[in-house]
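Below is one structure, written out as structure tokens; comments come after it.
The values are calculated or read from the model by the stated rules, or taken from the named source; none is laboratory data. Note that the structure is predicted; figures quoted are calculated from it, not measured. All Cβ positions, glycine included, derive from the backbone under ideal geometry; neighbour counts span all protein chains shown. Note: accessible area is taken over every heavy atom of the protein model, side chains too, but ligands, DNA and RNA are not part of it. Shrake-Rupley method; radii C 1.70, N 1.55, O 1.52, S 1.80 Å.
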Amino acid sequence: MSEHIAVTLDPDVATGVAEEIYGRGWTDGLPALPATEESVQRFLATTQRAEDEVAAHHPQLERHVTVRDVAVSAVMAGCLPEYFPVVLAAWDALSAERAALGGGWQSTSGPGPLIIVNGPIRHQLGINSEGGVLGPGFRANATIPRAIGLTVRNGFGIRPRELEQATVGTVGRWQLCIGENEEASPWEPLSEEAGVEPGVSAVAATLVRTFEVVDNRSFTSAEEVLADFVDTIQRSGALIGRHSPTGILLNPAHAQLFAGAGMSKQDVREWIVARAGRTEAELQAVGKGLSHLPGGPFAADHRHPTLADAKPATLPIIVAGTSNAAMSMVFRVLGLWSGRSFPVR
Amino acid sequence: MTAEIIDPTQHFHASSAVTPTDAARPETLAGLRIGLLGNTKRNADSILDAIGSRLADRHTEVALIPRTKTQFAMPLPVELVEELIRDCDVVVIGVGDCGSCSASAVADAITLENVGLPTAVICTDAFVQPSSAMAGLKGAPDFPYLLTAHPIANLTAEGIEERGEQLATQVEARLVGSARAVAAA
């Protein structure tokens, strides 16, 4: 039996507050909580950072947001106070993304920031890294990226159909926060690849244009699955320049298959990068020939690799989800991931 | 219990910019150095070149000064602003044909007007919203920018010449100040 709630809530007041926030244009389309001095102070108490420290800046608009501004967004997004250091670390990570600094929030691609959390803080905050990792259903995963979105909207003043020009936008924009499933991964976590000490909680982030599933659950060899990744990654749809920066949310079953075949994460990366590509003729057939670029014109059989190189920043691989069916996700990056992961402090 | 709800937009409302003013206009383009500031977007340089050659045909002793802003969404680097001040009398800017670069092109024009360089900035008509939003954000909501039909990335050489012809007259009108707001056309 549930415990009796001893406070009386006036539903008219609650609705009135929600409508006031809608009416001011402060929310993203879902109800948002009111930020008050008291609630903001509870968030600020979770970090050593000064409230007037700059948390993020936007060069084009010549605007910046402070730690306090981000706290206001985190309250409104529905975060718990203890999530706040992760929100700030996510801004650290996004501030290293050239695409975010260079107009990504206004882009016609309408990208969503993908926030990847490593380390023990995943368990402390209940950040999902397993089944249904892309959500919904988990408060930390849902509200941390929403706090980023509300900061872009209210702190930078970038709103849809004004400074923001998403053509259709990205499914899951402001909803993409995952833990890496380190427990089910045979390899070092993303944060360690990026140079963060083992056991330190850290956040990486990049701007994502789209996700595409690689459903390969009846495999009999690592090569089959790797070839399935290559086939998806070399698709021309997302290509807008010479390369199509990409990442993989790798199902634990696929990761264990590759590791069982003796492959490191870097081996997997190199296998894929060496094979994913299209010829000039294939790209021309879809109106995306690259002959106008430096080095061109290219012969019909000239092969253009989909990815520029096999560095972790060029093809980040994150083990996530559960292995009840071996489905992974290929995602497209706007710009290029910085390759960095930022400790939660 | 009552508590005040914090306005999450209060900071950028408070930081109002100085209202920009247009640079003084020359009476004619004859004898002037015309900067052509491309933003690396596909066909932007070609359209600017086509405009420049029309203007050079129409006026004596015009010098065309092509320059490039390599990061189309970012503000003009200080060094490039200084170079434009030093090397140009007027500047044609373009082409804003995306969500971020259209707003950025308008911001660049306002920056250059503020330091005394007359500009004509061109955006495509799919990006009126961010262009106007940026003008408003810079304190000049009626700042005139020129519009050309979207898209430009797929124009043929012939199409580029046509655009150059169409835009040259508007660019000239804006640069010499005989037309205040061609954008509404």
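General remarks:
- For the stretch B:93-173, the per residue solvent-accessible surface stands at 31 Å², with DNA, RNA and ligands left out and a 1.4 Å probe.
- Karplus 3J(HN,Hα) series, Hz, for the stretch A:141-156 with 6.51 cos²θ - 1.76 cosθ + 1.60 (x for Gly, Pro): 4, 7, 8, 4, x, 5, 4, 5, x, 5, 5, 4, 5, 9, x, 8
- Hits among aspartates and glutamates - C-alpha to C-alpha of B:Lys41 under 16 Å, sequence gap 8 or more where chains match: B:Asp49, B:Asp97, B:Asp108, B:Asp125
- Angle between chain A longest axis and helix A:84-94 axis [Cα atoms, degrees, rounded to 10]: 40 degrees
- Accessible surface of the protein assembly as shown [probe 1.4 Å, protein heavy atoms]: carbon and sulfur percent: 53 percent
- Kirkwood Rh in Å, taken over the stretch A:223-269 so that all alpha-carbon pairs contribute: 11.9 Å
- Protection proxy ranking of A:125-131, B:146-152, B:107-113, by the mean of other Cβ atoms within 10 Å over each peptide's residues and highest first, is B:107-113, A:125-131, B:146-152.
- Mean partner shielding of peptide B:93-103, defined as the number of other chain Cβ atoms within 10 Å of each residue Cβ, is 5.
- Using θ = phi - 60° and Karplus 6.51 cos²θ - 1.76 cosθ + 1.60, couplings along the stretch A:289-299 (whole Hz; Gly, Pro as x): x, 10, 5, 7, 7, x, x, x, x, 10, 5
- Counting charges near A:Asn141 (Lys, Arg +1; Asp, Glu -1) among other residues having Cβ under 15 Å from its Cβ returns a value of +1.
- Couplings 3J(HN,Hα) of the stretch A:255-261, computed from phi: 4, 6, 4, 5, 5, x, 8 Hz, in residue order, whole Hz [Karplus 6.51 cos²θ - 1.76 cosθ + 1.60, θ = phi - 60°; x for Gly and Pro].
- With all pairs of separate Cα atoms included, the stretch A:236-345 yields a Kirkwood hydrodynamic radius of 15.5 Å.
- Over all distinct Cα-Cα pairs of the stretch B:8-123, the Kirkwood formula returns a hydrodynamic radius of 14.7 Å.
- Principal axis box of the protein assembly as shown, alpha-carbon based, largest edge first, Å: 85, 69, 37
- Where labels lie 7 Å past Cα in the beta-carbon direction, separation of B:Glu61 and B:Glu83 in nm: 2.6 nm
- Of the GluC sites (Glu not before Pro) in the stretch B:1-91, those whose Cβ has at most 14 other Cβ within 10 Å and which sit in DSSP loop: B:Glu4, B:Glu27, B:Glu61
- Folded to 0 to 90 degrees: helix A:67-77 orientation relative to chain A principal axis, Cα: 90 degrees
- Helix B:78-87 axis, angle to chain B major axis (alpha carbon atoms, nearest 10°): 30 degrees
- Mean-position separation - Cα centroids, the stretch A:166-243 and the stretch A:8-55, in angstrom: 33 Å
- Environment charge of A:Glu212, counting only residues whose C-beta is closer than 11 Å and scoring Lys/Arg +1, Asp/Glu -1: +1
- Residues with amide H under 5 Å from that of A:His304, placed H, sequence gap 5 or more: A:Arg278, A:Thr279, A:Glu280
- Amide H contacts under 5 Å for B:Ala63, placed H, 5+ residues apart: B:Leu32, B:Arg33, B:Ile34
- For the stretch A:79-201, convex hull volume per residue from C-alpha positions, Å³: 110 Å³
- Only lysines eight or more places from A:Lys311 in sequence, or on another chain, were considered; those with a Cα closer than 16 Å are A:Lys265.
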